[in-house]
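The values are calculated or read from the model by the stated rules, or taken from the named source; none is laboratory data. Keep in mind that this is a model prediction, so the values were computed, not measured. Please note: Cβ atoms are built from the backbone with ideal geometry, for glycine as well, and neighbour counts cover all protein chains shown. Surface areas here come from the heavy atoms of the whole protein model, side chains and all, with no ligands, DNA or RNA. Shrake-Rupley method; radii C 1.70, N 1.55, O 1.52, S 1.80 Å.
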Amino acid sequence: FYPHLLLPVMRVIVATAGIVAASRLGSGANATAQALAFASAGLYVSAQMCAEPEVREVCVCKHYTSAGYLCSRCKPDETGKATTWGVGCSLPCPTMCVHGCDFEGNCLTADGETERCPLNCETQDRDRQGPYRILGGKRGCLNTFGHCESCKEEYYGLRCGNPCPSNCGKSPEGYCDRAGMCYRCKVGYYGDQCENDCPDACPQCMMKAGLFEGQMLEAGQCTQQCSGNLWGKSCQNSCPVNCAFTNGPDKPSCDRAAGHCSACINDEWWGPNCDKQCPDGCASGKCNQQDGSCIGDCKTGVWGARCSTKCPLNSKEGTSCAKATGLPTACRETYFPQLNTKTDRGECAQCPADCRDGRCRPDGTCEACEDGFFGTHCHKECEATCQDTCDIETGKCNGCKSGYTGPYCRLSCHQNCLTCMQYSNPQSEAPGNLPEFCTDCPLDEPAILDPNSPFADKGPAQCVCIESASRATPADPCRCNKPDGSDADEREEKFVAKPKKKCLYPCKPGRTETYYNHQSLCLSRKWARSIFVADGFDKGSCDDGDLEISATSRRTGKTSTKCVAKGFVDYLIAD
C-alpha cells in the first residue's frame, strides 16, 4: 500500500470541499476570494502528521517517505498568504514578495530561472503543486532571488554554503533548518545549535527549556531524574535539606547533575544548595535563591540588594532609605537627602551655608535665609541698602536703610528727608522719594515732620523748618535765621538738636551777656567795662527806664554813649 499515490486525489477532494464550503459565505468578488483562500488552505488540511514534532506548528507535511510525512510547504497566515519558506519554514519571505512566496522562496508572481545549482544546493521536490513549480517551463534549483530551493541535509543558508553544527543529531527533516538551528542534538549536547555539553551525570538532557513528563525543566537539565530525593550519576547523594519540593513530594527537590535546588524552602535560604540564610536586613525574611537579594523592602536603617548596607551618615534616626540607591527618606537637622550623581548613591548633604539656622527643606532649598541673602539656596546677596533682609524669592528688600527707597532700595529719599517710606503706594511698589513721604528729618537740621500732618509722629509727612529757621530755596536744607534786634551784631545763630530741636542766639565770644525781664542783652567788652567802672548813671537823653552809658575809645580817645535798660545794668552790677 502506497499512501502517497492518493495525494493528488485527496488534494482535489479537499480543494473541492473547500470551495463549496466557502461559497456559502456569500457571492461576489469578496466571496470568490474567500472561497479561493479557503480552498488554497484546504489543500493542506489533511490527516497527515509531520514526522518531526518541531515543525508541526509551521509546516504542512504532504511529502511521504519511509520516515513519515515531511515538511513540504509552509502554513499560510490568516490572510491565506505564506510568509515563510524552506525546510522547517524558518526563513522569512523576501520583502519584495508582496503576495508571499512558495516553499522554495520564490515570489508568487516571479518568472522562472535557469541558474546552475551551487554546491550542496538541491531542487525542492516536496511541493509540486500548481504554478509555484512551473518556472518558465524549466526546472532549476534556485528561486527568483538566486537562493537555493533546498539544501542537502547537512547544510544550511541561502546558498547552502554552511555545514550544520557538528553536534546536531539526525532527524526526519535532516540535521538543521535553513537558519542553521538543530532539530535534535547528539547525546551529550543541548542548545539551539547543540553547542553546550550536558552534565556528566546525565548525558540525556533537555535541548531547550520546556515540559518533560509534566515537569518544567530548563535547557540542559537532566531528563532522567533519580527516584526519591536523591541526585548524582548513581543517585547516591541526598538533596540539600533546604531544597523545596517544587514538582511534588515524589520528585527530587534538586537536579541530578549537581544537586542544585530548584527552589529554597519558604524563600528563606539562598545559593545553589540553599545553604545560606537570607540576610538579616530583609524585612520579609525572604530572598532570591540566585543571589541572596531580598524579596521586598529592607528593614529600617539598611539598604542594598541584600539590605546589608547602613543608611547614609546623618540619616534621621528611625527612618529608612531607598533599597536601590540608599537615598534617605529623612536626614537630621541641617542636612537633606540627595542622590550623588557621581556615585548614584544617596547621601545626607549639608544644607546651604546661608540658610537660616542652617536648616533646609528635604529638597535642599532654604526655608529662610540669614540676613543679607536670598534665593532658593540663599546663594544670592541682598542689596547693600536693604535693611537686613530681603524676599527669599525675589530679592526685594523687606525694608530700606536710612536714606533709601524703592523695592530694591536703590533710590535715594528726597534730599529733605533723612528716611522715607519704602513705597508711596505698596500696591504699585512706587518709591517714596517725594518730599511728602519723609518718615524722619535730618538730625543736623532744624527741621521736623510737619506738625500739621496727620502722620506727624512717624510720617509720612514733609520735613518743615522749626521756628526761627528757614530754607534758602525749597531744595536747600533748613538753617537757623540770622540774629536781629539792637544787639544783632553781638550775637550768633546756633542750632541744638537735644533735648529738642531749637535755634539759639548766644553772644559771640568775648561778649558779656546780661538778663532782664526774660530777655538778654549782649554787650561788647567796651560797654560792659564802662558799666563796671562807672560811679553812677543817669537817664541823660534816653527813654524812661533806660540809663545812658558812656565809653571812651582807647585807640581814638573819642567818647560815645549808649542807652541800656536799667534792669540789664542792675543785673551786671549785682552779679
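Measure nothing fancy, just the Cα-based angle from helix 7-23's long axis to the longest principal axis of the chain, in degrees from 0 to 90, nearest 10. For 7-23 against the chain, the angle is about 50 degrees.
Considering only DSSP states other than H, G, I, E and B, which trypsin sites (Lys or Arg not before Pro) in segment 530-575 qualify as loop sites with at most 13 other Cβ atoms within 10 Å? Can you show the working numbers first?
Values: sites: 539, 554, 555, 558, 562, 566; in loops: 539, 554, 555, 558.
Qualifying residues, ordered by number: 539, 554, 555, 558.
Distances between placed amide hydrogens fall under 5 Å for residue 547 paired with 564, 565, 566, all partners being 5 or more residues away or on another chain.
Counting only other residues whose beta carbon sits under 11 Å from that of residue 422, what net charge do I get with K and R as +1, D and E as -1? Write down the numbers at each step before the final one.
Values: positive: 396, 401; negative: 429.
With Lys, Arg at +1 and Asp, Glu at -1, the neighbours total +1.
Karplus-based coupling profile of segment 397-414, in residue order and whole Hz: 5, 8, x, 10, 5, 3, x, 10, 8, x, x, 10, 6, 9, 9, 7, 5, 4, with θ = phi - 60° in 6.51 cos²θ - 1.76 cosθ + 1.60 and x standing for Gly or Pro. Ordering 182, 238, 497 by the projection of their Cα atoms onto the charge dipole of the chain, which places +1 on the Cβ of Lys and Arg and -1 on the Cβ of Asp and Glu, puts 182 at the extreme positive end.
Taking all protein chains into account, the per residue accessible area for the chain stands at 57 Å² (1.4 Å probe). Restricting segment 274-357 to trypsin sites (Lys or Arg not before Pro) that sit in a DSSP loop and have at most 12 other Cβ atoms within 10 Å of their own Cβ leaves 342. Quick one: of 310/342; 458/494; 508/562; 494/562, which pairs are farther than 22 Å apart, Cα to Cα? The answer is 458/494; 494/562.
Say a site is exposed when it is one of the GluC sites (Glu not before Pro), sits in a DSSP loop, and has at most 13 other Cβ atoms within 10 Å; what is then the longest site-free stretch of the chain? Present the calculation step by step, with values, prior to reporting the outcome.
Values: sites that count: 57, 78, 115, 195, 213, 218, 317, 333, 367, 393, 429, 467.
Segment 468-575 is the longest.
Its relative contact order, with pairs defined as Cα atoms under 8 Å and 6+ residues apart, puts segment 169-257 at 20 percent. Near the amide H of residue 62, within less than 5 Å, lie the amide hydrogens of 70, 72, 73, all on another chain or at least 5 residues away, with H placed in the peptide plane. Taking Cα centre as origin and charging only the Cβ of basic (Lys, Arg, +1) and acidic (Asp, Glu, -1) residues, the dipole magnitude of the chain rounds to 920 debye. For residue 186, a cut-off of 20 angstrom between C-alpha atoms picks up these lysines, skipping any fewer than 8 places away in its own chain: 152, 170, 208, 233.
Just add up the charged neighbours of residue 165: K/R +1, D/E -1, any other residue whose Cβ is under 14 Å from the Cβ of residue 165. Walk me through the numbers on the way to the answer.
Values: positive: 170, 178, 184, 186; negative: 153, 154, 177, 192, 195, 197.
Surrounding charge for residue 165 is -2.
Of all aspartates and glutamates in the structure, those lying under 19 Å Cα to Cα from residue 396, and not within fewer than 8 positions of it along the same chain, are 354, 367, 370, 371, 381, 383, 388, 429. Summarising the amide proton neighbourhood of residue 184: residues at separation of 5 or more, or on other chains, whose placed amide H is nearer than 5 Å comprise 169.
Backbone geometry of segment 267-284 corresponds, through the Karplus equation with coefficients 6.51, -1.76 and 1.60 at θ = phi - 60°, to 3J(HN,Hα) couplings of 6, 9, 9, 8, x, x, 9, 6, 9, 10, 6, 4, x, 4, x, 5, 5, 8 Hz, x marking Gly and Pro. Just one of (i) 29.7; (ii) 44.4; (iii) 63.8 is mean projected area of the Cα convex hull in nm² calculated from these coordinates, so which is it? Computed from the coordinates, mean projected area of the Cα convex hull in nm² corresponds to (iii). Straight-line reach from residue 251: taking Cα to Cα under 12 Å and skipping same-chain neighbours fewer than 8 places apart, the aspartates and glutamates in range are 213. Computed from backbone phi with θ = phi - 60° and the Karplus coefficients 6.51, -1.76 and 1.60, the 3J(HN,Hα) list for segment 344-353 is 6, 10, x, 7, 9, 8, 5, 4, x, 4 Hz; x is used for glycine and proline. Dipole check for segment 496-543: with +1 at the C-beta of Lys and Arg, -1 at the C-beta of Asp and Glu, and the Cα centre as origin, the magnitude is about 560 Debye. Of the solvent-accessible surface of segment 250-338, computed with a 1.4 Å probe and all protein chains present, 47% belongs to carbon and sulfur. Could you give the angle, 0 to 90 degrees to the nearest 10, between helix 28-42's Cα long axis and the longest principal axis of the Cα atoms of the chain? Around 60 degrees separate the two axes.
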